[in-house]
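A short write-up of the structure that comes next.
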Amino acid sequence: QKRIKIKDALVLAPVGSFITVMGWVRNFRSNRFIDINDGSCNANLQAVLEFEKEDPALLRRITTGASVKVSGELVASQGKGQRVELKVDHVDIFGDSDASAYPLQPKRHSLEFLREIAHLRFRTNTFGAVFRVRHALAFAVHQFYNERGFLYLHTPIITASDAEGAGELFRVTTLDAANPPLTEDGRVDFKQDFFGKPTNLTVSGQLEGELGAMAFSEIYTFGPTFRAENSNTARHLAEFWMIEPEMAFCDLEDNMNLAEEFIRYIISYVMKHNEEDLQFLDKRLEEEEKTKPEAERSGMGLLEKLNFVVDNPFERITYTQAIDILLQSPAYKKKKFKFDVSWGIDMQSEHERYLVEKHFKRPVIVTNYPKEIKAFYMRQNDDGKTVAAMDILAPGIGEIVGGSQREERLDKLVERMEELHLPLEELSWYLDTRRFGTVPHAGFGLGFERMVQFVTGMGNIRDVIAFPRTPNNCEF
Ligand code: ATP
Ligand code: MG
Ligand code: MG
Ligand code: MG
């Protein structure tokens, strides 16, 4: 008998076919109905034991969490909601599960509890749906860029540069921490270490990505990035995945257009391919919203929000306009913001969310930020104060994309790097792209987990990555 996935059994396999499925018992009811899930879809396959085939020793081993192989005939389902069920001929147990010790029971567990057993939470409906959606989004990312002729470039994970200059680096070292070689003035001597200089885990693949764009015209990276974020927020991880396209012969406008098209594309892809999961998550969110105070409710369902984003253009404003809106907002006047607002601030999540959720009620692209709060590589505008940056802000989250047109003029770039006391020598490889055949170019970084949060409606970024890394949390 052919082994098939439960998704195929439920949707495709004809009534009357004899099949085998393998999976984990979610629930066993009345010594007769086994709900089996193999992770291929949210729904369980109901396997029905015939009374005459009862075997008490076997029945005792069919417990929540046990892994089973079940064979039989697919028959039309008596119950509501499902097309078919399995009339069981044969059950094999792969691995027993002591139900009294098994942390997952057939009921709804809190996300906080599930975070404590992150090694088992894939086996719940919520995390099943989240990780299938995450998978589909990742696949859609590659499809989008592949269709447009972008080359997938793998930028290094260990690097000697700090692209963002934000100082949130994880140092890489082979040094014996208890006994490192020291310089004469007592500091760690990285010259004697593996790479002969200080290195760190990458915070962004952008600088290397630019080198690729200067040869392949259009590239993208999609890989892990690392930042020692010392705050615990619902949208920061120490290890997260970033998608970074970089395009030669491209300005800020093209960059925004691509980012918008990209976001719409991957959302549409998931809406088409993961309907069942999104419906489940939509319902989950609806129930969660009911438990919140009125003022904190978004007032829009998940599917409604995704449909809206796919069908409507994002708002586009400058940073200066954004600050003006905030200064004139009732929230500001009633002192509702925790952080003060003035031209020059790096907007906080509360400000970003005010713009998208309260003011525009749609995603917003903010352009032309003050140069002081942005990285050295962004193209300087003629006003001498701002750079050609763009952030995309999304409801429920805030910033999901950070991008810019890059400074392609060697003299301007060097001038800015000198102002910031950046090591010109060490970044000489980067400056070569400006020395030899420089072109206008632009790109952005989309935080993949923030995108997964947006599409799944999950409030905490720890719940959209399989193995979250946050301060004091690296279990496995
Ligand atoms: P934030 O202002 O939220 O700290 P950022 O401006 O420091 O973000 P960028 O350097 O612009 O972030 O990185 C590009 C994108 O990567 C961000 O728009 C965001 O989607 C994502 N990102 C940045 N830091 C994190 C993090 N610690 N965890 C998860 N995603 C992140
Ligand atoms: Mg940051
Ligand atoms: Mg930011
Ligand atoms: Mg940013």
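Each reported figure results from applying straightforward, stated rules to the coordinates on display, with no laboratory input. Nothing here was measured: the structure is a model prediction, and the numbers come from that model. No Cβ is skipped: glycine too gets one built from the backbone with ideal geometry, and neighbour counts run over all protein chains shown.
Taking every DSSP beta bridge with both residues inside segment 97-256, roughly what % is antiparallel (nearest 5)?
Restricted to segment 97-256, the bridges split so that about 90 percent are antiparallel.
Below 8 Å, C-alpha to C-alpha, sequence gap of six or more: please give me the relative contact order for segment 4-150 in percent.
Dividing the mean separation by the residue count of segment 4-150 yields 21 percent.
Could you work out how much longer the chain between L424 and E147 gets when fully extended? Use 0.36 nm per residue separation minus the Cα distance between them, nm to one decimal.
96.0 nm
Any chance you could run the full-extension gain for S231 through K334? It's 0.36 nm times the residue separation minus the Cα-Cα distance, nm to one decimal.
The S231-K334 span can extend by a further 34.4 nm.
Within segment 162-255, report the trypsin sites (Lys or Arg not before Pro) that DSSP leaves as loop and that have at most 12 other Cβ atoms within 10 Å.
Of the trypsin sites (Lys or Arg not before Pro), the ones in loops of segment 162-255 whose Cβ has at most 12 other Cβ atoms within 10 Å are R187.
State which entries of K290/K338; K290/K361; K283/K371; K197/K338; K335/K361; K305/K385 exceed 31 angstrom in Cα-Cα distance in the structure shown.
Over 31 Å apart, Cα to Cα: K283/K371; K197/K338; K305/K385.
Which lysines, on any chain, are close to K336 with Cα under 18 Å apart, when same-chain ones fewer than 8 places away are left out?
K358
Below 13 angstrom from the Cβ of E253, what's the summed charge of the other residues (Lys, Arg +1; Asp, Glu -1)?
With Lys, Arg at +1 and Asp, Glu at -1, the neighbours total -2.
What does the charge add up to near F339, with Lys and Arg as +1, Asp and Glu as -1, over the other residues with Cβ less than 14 Å from its Cβ?
0
For a quick protection proxy, order the peptides 466-474, 249-257 by their average other-Cβ count within 10 Å, most packed first.
249-257, 466-474
Pick out, in residue order, every one of the chymotrypsin sites (Phe, Trp or Tyr not before Pro) in segment 394-458 that is DSSP loop and has at most 12 other C-beta atoms within 10 Å; say none if there are none.
Answer in residue order: F436.
Modelling each spin label as a point 7 Å along the Cα-to-Cβ direction, I'd like the S298/S342 distance in nm, to one decimal.
In this crude label model, S298 to S342 measures out at 3.4 nm.
Show that you can apply the helix-only estimate: for the chain, add -39,500 (n - 2.57) for every DSSP H stretch of four or more residues, divide by all residues, and state [θ] at 222 nm to the nearest 500.
Mean residue ellipticity at 222 nm (helix-derived): -9000 deg cm²/dmol.
Can you pull out the trypsin sites (Lys or Arg not before Pro) in segment 1-101 whose DSSP state is coil and whose Cβ has at most 10 other Cβ atoms within 10 Å?
K80
What net charge is computed for the residues neighbouring I465, neighbours being all others with C-beta under 15 Å from the C-beta of I465, Lys and Arg scored +1, Asp and Glu -1?
Here the count lands on +4.
Give me the number: length gained by fully extending D8 to V188, i.e. 0.36 nm times residue separation minus the C-alpha to C-alpha distance, one decimal in nm.
Between D8 and V188, full extension yields an extra 59.0 nm.
Just need the relative contact order of segment 309-413 here, percent rounded to a whole number, with Cα pairs under 8 Å and 6+ apart.
Relative contact order here is 25 percent.
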